[in-house]
1. Taking only region 143-168 into account, find how many residues are among the polar types (S, T, N, Q) and touching a residue at least 60 places away in the same chain (Cβ under 8 Å).
2. I'd like the full set of residues that are in a helix (DSSP H, G or I) and either surrounded by 16 or more Cβ atoms within 10 Å (Cβ to Cβ) or not polar (S, T, N, Q) (or both), limited to region 183-213.
3. Going by what's in this entry, would Ala183 be described as free of Cβ contacts under 8 Å to residues at least 40 places away in the same chain, closer than 24 Å to Leu114 by Cβ and out of contact with any His (no Cβ under 9 Å at 6 or more places or on another chain)?
4. For region 117-127, check the following and say yes or no: at least one residue is under 17 Å from Arg159 (Cβ atoms) and either within 14 Å of the chain's Cα centre (by Cα) or surrounded by fewer than 22 Cβ atoms within 10 Å (Cβ to Cβ) (or both).
5. Kindly establish whether Thr87 is in a strand (DSSP E or B), touching a Phe, Trp or Tyr at 6+ places or on another chain (Cβ under 9 Å) and within 21 Å of Glu17 (Cβ to Cβ).
6. Name every residue in region 134-182 that is surrounded by fewer than 17 Cβ atoms within 10 Å (Cβ to Cβ), in a helix (DSSP H, G or I) and of a type in the set (A, V, I, L, M, F, W, C), in order of residue number.
7. Among the numbered criteria (1) closer than 20 Å to Gly200 by Cβ; (2) at pLDDT below 95; (3) not β-branched (Val, Ile, Thr), which one does Leu114 miss?
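The values are calculated or read from the model by the stated rules, or taken from the named source; none is laboratory data. Keep in mind that what you see is a predicted model, and the values were worked out from it rather than measured. In this analysis, Cβ positions are derived from the backbone assuming ideal geometry, glycine residues included, and neighbour counts consider all displayed protein chains.
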Amino acid sequence: MTDPTLEDRLAIRQLVEDWAIWRDAGEWSRFRTCWHADGVMMATWTQGTADAFVAASQDAWRKGVSILHFLGGHTADVAGDRAVAQTKMTISQRAEVHGVVVDVVCTGRFCDCLAKRDGRWAIVLRQPIFEKDRMDPVDPAARLVLDPGTLRRFPVGYRHLAYLQTQLGYDVKTDMPGLMGAATDRLRARGTAWLAGASGHPADAAFGAAGSA
């Protein structure tokens, strides 16, 4: 039996792949096409509209900020012209922390609320979920001592990534979803509401709450 959503799910997977390649390659005009006009990105280091995220990414690129994305397994639920996709991902960032060049590797998922408008799938909301991370000196002989108080400010899923980004001067968000917990439950409720056709934007604070559909 033919899956009626197969073409849509393939297009969504292509979109997710394009996002990672075009973002990491600095192909900004193509990267912008991954989003609808009302698209929102919730990153650790910046949150806001897609336009603001593209501009912030360009600025970081010019400053030499090194962030790379690698993708793994993927699934998408499609309901008419809406979809929710989850994609396993790894974020890798290299920078200097306390005089030592380190790599941080953070494993998690991209959760995307998507819409098909005028025949084109694009992102309305991208919310990463952070499951675990680690920090390693690029030189294995280097000694690195982290401040435990700074580490404890952030959830376990991305605390080393947050530590590095804090050292770079970013105001890092402290309540991103993790492997489990209230923030992850709320994100799941938003995805369910999005697929059910709830009105409003999935990034709005009340979206997905009881009675919002």
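1. Initially, region 143-168 is screened for residues among the polar types (S, T, N, Q), giving 150, 165-167.
Filter again for touching a residue at least 60 places away in the same chain (Cβ under 8 Å), leaving 165, 167.
Qualifying residue count, region 143-168: 2.
2. The initial filter retains those residues of region 183-213 that are in a helix (DSSP H, G or I), namely 183-195.
Result: Ala183, Thr184, Asp185, Arg186, Leu187, Arg188, Ala189, Arg190, Gly191, Ala193, Trp194, Leu195.
3. Taking the combined requirement at face value, the residue satisfies it.
4. No, the conditions are met nowhere in region 117-127.
5. Details: in a strand (DSSP E or B): yes; touching a Phe, Trp or Tyr at 6+ places or on another chain (Cβ under 9 Å): yes; within 21 Å of Glu17 (Cβ to Cβ): yes.
Yes; evaluated as a whole, the condition is true for this residue.
6. Leu151, Ala182
7. (2)
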